[in-house]
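Peer 1: Here it is, the structure, as structure tokens.
Only the coordinates and a few stated rules stand behind these numbers; no lab work does. Worth saying up front: this structure is predicted, and the values here are computed from it rather than measured.
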């Protein structure tokens with residue numbers, strides 16, 4: 001894995017979700033695995049949300065959260081780390097937007113804008129998804145995405161069906 005030059009710590013935001021098994025426990029484990037690494041530190045975690053499925057709607061509701069982290073990993077390596085954690089936790093990719101035990105998305109990485117495979121920054125559909133914007137607003141309401149703060153994107157989003165499942169910001173510890 002490559003690191004950012006001189007081990008500079010960069011801030012990134014992650015979106016986590018799942019709807020198979022015990023998603024709350026899976027997301028908590030994923031966050032603890034990230035926080036336990038020498039090259040990642042979890043700075044803040046949103047409340048936990050219960051959200052209706054998006055894209056493929058004939059499945060169970062999801063649990064979602066967002067995390068603000070610091071990392072010395074380059075953006076692509078942060079994505080690879082998330083995918084490795086998903087694999088460790090037995091994530092199977094059977095269908096797009098389908099049921100999953102755990103999903104970890106890199107939403108933003110500092111001010112980096114990039115459109116490559118497999119990584120697009122900021123995440124290309126995050127401003128359309130209330131299940132991302134609502135927890136992201138808990139930890140980074142003023143974060144600028146495509147020229148607007150997260151709070152402004154959230155004001156435009158349909159938040160119907162989304163509810164707080166756990167008020168505590170320490171639910172993952």
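Peer 1: How long are the semi-axes of the equivalent ellipsoid of region 81-173, taking √(5λ) for every eigenvalue λ of the Cα gyration tensor, in whole Å from largest down?
Peer 2: Equivalent ellipsoid of region 81-173: 22, 19, 14 Å, largest first.
Peer 1: Please give the calculated 222 nm ellipticity per residue for the chain, where each DSSP H segment of at least 4 residues contributes -39500 (n - 2.57) and the sum is spread over every residue; nearest 500 deg cm²/dmol?
Peer 2: Value at 222 nm, helices only: -8000 deg cm²/dmol.
Peer 1: Only Cα pairs within less than 10 Å get springs; with that Gaussian network setup on the chain, which residue of 158, 35, 61 has the largest fluctuation?
Peer 2: Its mean-square fluctuation being the largest, the pick is 158.
Peer 1: Which of 27, 89, 134 moves the most in a Gaussian network model of the chain with Cα springs under 10 Å?
Peer 2: Among 27, 89, 134, the largest GNM mean-square fluctuation belongs to 89.
Peer 1: Rounded to the nearest angstrom and ordered from largest down, what semi-axes does the equivalent ellipsoid of the chain get from its C-alpha gyration tensor (root of 5λ)?
Peer 2: Those come to 23, 19, 16 Å.
Peer 1: Moving on. Counting only C-alpha contacts under 8 Å and six or more residues apart, can you give the relative contact order of the chain as a whole percent?
Peer 2: 31
Peer 1: For the chain, set up a GNM with springs between Cα atoms under 10 Å and report which of 112, 150, 45 has the largest fluctuation.
Peer 2: 112
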